[in-house]
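After the structure tokens below, expect a handful of questions from me.
The values are calculated or read from the model by the stated rules, or taken from the named source; none is laboratory data. For clarity, every value in this text was computed on a predicted model and none was experimentally measured. Cβ coordinates were reconstructed from backbone atoms using ideal geometry, including for glycine residues, and neighbour counts include every protein chain displayed. Areas reflect the complete protein model, heavy atoms only, side chains present, ligands, DNA and RNA absent. Shrake-Rupley method; radii C 1.70, N 1.55, O 1.52, S 1.80 Å.
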Amino acid sequence: MKKPIVIALICHKGGVGKTSSTVGLADALAATNPGKKILIVDADEQSNVKTIFAIKMHEAEGGLASVLLDNASPNNVRIEVRPQIDVILSGGRRMREFERTHANTPNAELMMKLRFENLENYDFVIIDSPPALSLISSNIVTYADYLVLPSSPDLLSVVGVKNTLYFIQNMHEVFKNTKTTVAKVLGILPTMYDSRRNVDMSIVDDYERMAGANLTGGGRVFTPIRTDIKVKTAQIKRKLLSEAFPSSKAAEDYRTVAGEIMEQVNASETSKNTYTELNTGSRAQGERSVEASL
């Protein structure tokens, strides 16, 4: 069974466009990769993904909270919202129960990775993370392959991004001598960007300097998502940007960012495969040498 590429949007700050960008990225990946299947996982107890897709309450029961607390299969709690896109909702307030009951459980940071091992038939999993850095966040960064850090153009968001990078660095330290991998930072995604505002340009420039000084965990700065009223209008209509406003600035920007993300993912996956092949070849050569000496 092929493992999907798992990308989480994470930032220790609310109101930076995580949910809008999660849905926008999933929409852009579906539009630019026909035939590919995408799963959105809402890991935020606010369950805003439910509202965007107009999912009814009786369909919203269970979700990620049931997967983590009741050992439910993720394959049994997914909801089809579009031909290419399924959703697993968070389970709302029950997410707090996971934080409370598993705070001292050994290896609780790995539960999401374990529960999603048998996830079926997806090419991409896109995770909407909560704004607090918590046990759920730890589960996300050990399950995901890659991380994207959304940031609105304000000082508190910059602080949130830096706190998130510090959190990810600490997670790498915790698991560096284990077999557990921690997600790789792909980069920072500026959102709600207006090039007419000096503060917006200044903050993006600061992120570029951080990336140039290797202070972004190896990540880049993605093309900013321009501020666009069409995002909110599409949400009110309960439609994706590709459906309601395919030629809008935001739809164009998400398609651009989806392409940039896929370039990095493909380069990373190629590098991983090459590393694996080289190690496998070295081990095989070593085994042959041992056999020849016997």
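Once R0 is set to 51 Å, what does the formula 1/(1 + (r/R0)^6) return for the Cβ-Cβ distance between residue 75 and residue 199, expressed as a FRET efficiency to the nearest 0.05? Spell out each step's value before the answer.
Numbers: r = 45 Å, r/R0 = 0.89.
Efficiency for this residue pair is about 0.65.
Using only helices, what value at 222 nm comes out for the chain when you add -39,500 (n - 2.57) per DSSP H run of length 4 or more and divide by the total residues, to the nearest 500 deg cm²/dmol?
Numbers: 11 runs with 142 residues, N = 294.
Taken over the chain, the calculation gives -15500 deg cm²/dmol.
Put one equal scatterer on each alpha carbon of segment 117-206, apply the Debye formula with no solvent term, and list log10 I(q)/I(0) at q = 0.12, 0.14 1/Å to two decimals.
Results for segment 117-206 at q = 0.12, 0.14 Å⁻¹ read -0.45, -0.59.
Can you sort 243, 80, 99 by 1.4 Å-probe accessible area, starting with the largest? Please report the intermediate quantities before stating the final value.
Working: 243 85, 80 130, 99 55 Å².
Order by accessible area, largest first: 80, 243, 99.
Here's a follow-up. Taking Cα pairs under 8 Å and at least six residues apart, what relative contact order does the chain come out at, in percent? Intermediate values should be presented prior to the final figure.
Working: 491 pairs, mean separation 66.3, N = 294.
Worked out over the chain, it gives 23 percent.
For the chain, what's the radius of gyration and Dmax over Cα atoms, in angstrom?
Cα-based Rg and Dmax for the chain come out at 19.8, 74 Å.
Compute a Gaussian network model of the chain, connecting alpha carbons closer than 10 Å, and tell me which residue from 90, 151, 271 fluctuates the most.
Of the options given, 271 has the highest mean-square fluctuation.
From the C-alpha coordinates alone, can you work out the Kirkwood hydrodynamic radius of segment 1-158, in Å?
Details: mean 1/r = 0.0641 Å⁻¹.
Evaluated on segment 1-158, it is 15.6 Å.
Given a 1.4 angstrom probe, what's the average accessible area per residue across the chain, in square angstrom?
Values: 14470 Å² over 294 residues.
Value returned for the chain: 49 Å² of accessible area per residue.
About its Cα centre, what dipole magnitude does the chain give when the only charges are +1 on Lys and Arg Cβ and -1 on Asp and Glu Cβ, stated in debye to the nearest 20?
Working: 35 positive and 34 negative charges, 69 e Å.
With Lys and Arg at +1 and Asp and Glu at -1, about 340 debye.
Right, something else. How about segment 146-186: which trypsin sites (Lys or Arg not before Pro) there lie in a loop by DSSP and see at most 14 other Cβ atoms within 10 Å?
Numbers: sites: 162, 176, 179, 184; in loops: 176, 179.
Hits after loop and neighbour filter: 176, 179.
Anyone know which of 30, 267, 251 comes out most mobile in the 10 Å Cα GNM of the chain?
Maximum fluctuation in the GNM of the chain, among the listed residues, is at 267.
Hey, any idea what % of the chain's accessible area is carbon plus sulfur with a 1.4 Å probe? Each step should come with its number before you reach the end.
Working: 7310 of 14470 Å².
Summing carbon and sulfur atoms, their accessible area is 51 percent of the total for the chain.
In addition: Express in nm, to one decimal, how much length is gained between residue 273 and residue 167 on full extension, taking 0.36 nm for each residue of separation and deducting their alpha carbon distance.
Values: separation 106, 0.36 × 106 = 38.16 nm, distance 2.75 nm.
Gain on extension, residue 273 to residue 167, equals 35.4 nm.
Oh, and also: Which value in nm describes the separation of the simple spin-label points at residue 214 and residue 93, placed 7 Å from the Cα toward the beta carbon?
4.9 nm
Please give the direction-averaged projected area of the C-alpha convex hull for segment 88-237, in square nanometres with one decimal. Display every interim value, and only then the final one.
Values: hull surface 44.6 nm².
The Cα convex hull of segment 88-237, projected and averaged over all directions, gives 11.2 nm².
Out of residues 5 or more away from residue 81 or on other chains, whose amide H comes under 5 Å of its own, with H placed 1.01 Å from N in the peptide plane?
Those qualifying (amide H under 5 Å, at least 5 residues apart or on another chain) are 86, 87.
Please report, in debye to the nearest 20, how large the charge dipole of segment 53-209 is about its Cα centre when each Lys and Arg carries +1 at its beta carbon and each Asp and Glu carries -1 there. It would help to have the intermediate numbers written out before the result.
Numbers: 16 positive and 20 negative charges, 60 e Å.
Charge dipole of segment 53-209: 280 debye, to the nearest 20.
Over the Cα atoms of segment 168-221, Rg to Rh with Kirkwood Rh, two decimal places? Intermediate results must be reported in sequence, preceding the final value.
On the way: Rg = 14.6 Å, Rh = 12.8 Å.
Reported Rg/Rh, Kirkwood definition of Rh: 1.14.
What does a probe at residue 103 reach in segment 64-94, counting residues whose amide N is under 20 Å from the point 7 Å along Cα→Cβ?
65, 68-70, 92-94
Right, next: Please compute the modelled spin-label separation between residue 154 and residue 179, points set 7 Å along Cα→Cβ, answer in nm with one decimal.
Taking the two extended label points, one gets 4.5 nm.
Something else: Any chance you could run the full-extension gain for residue 229 through residue 266? It's 0.36 nm times the residue separation minus the Cα-Cα distance, nm to one decimal. Present the calculation step by step, with values, prior to reporting the outcome.
Working: separation 37, 0.36 × 37 = 13.32 nm, distance 3.23 nm.
This chain segment gains 10.1 nm when fully extended.
Compare 135, 39, 64 in a GNM of the chain, Cα atoms joined below 10 Å, and give the one with the largest fluctuation.
Maximum fluctuation in the GNM of the chain, among the listed residues, is at 135.
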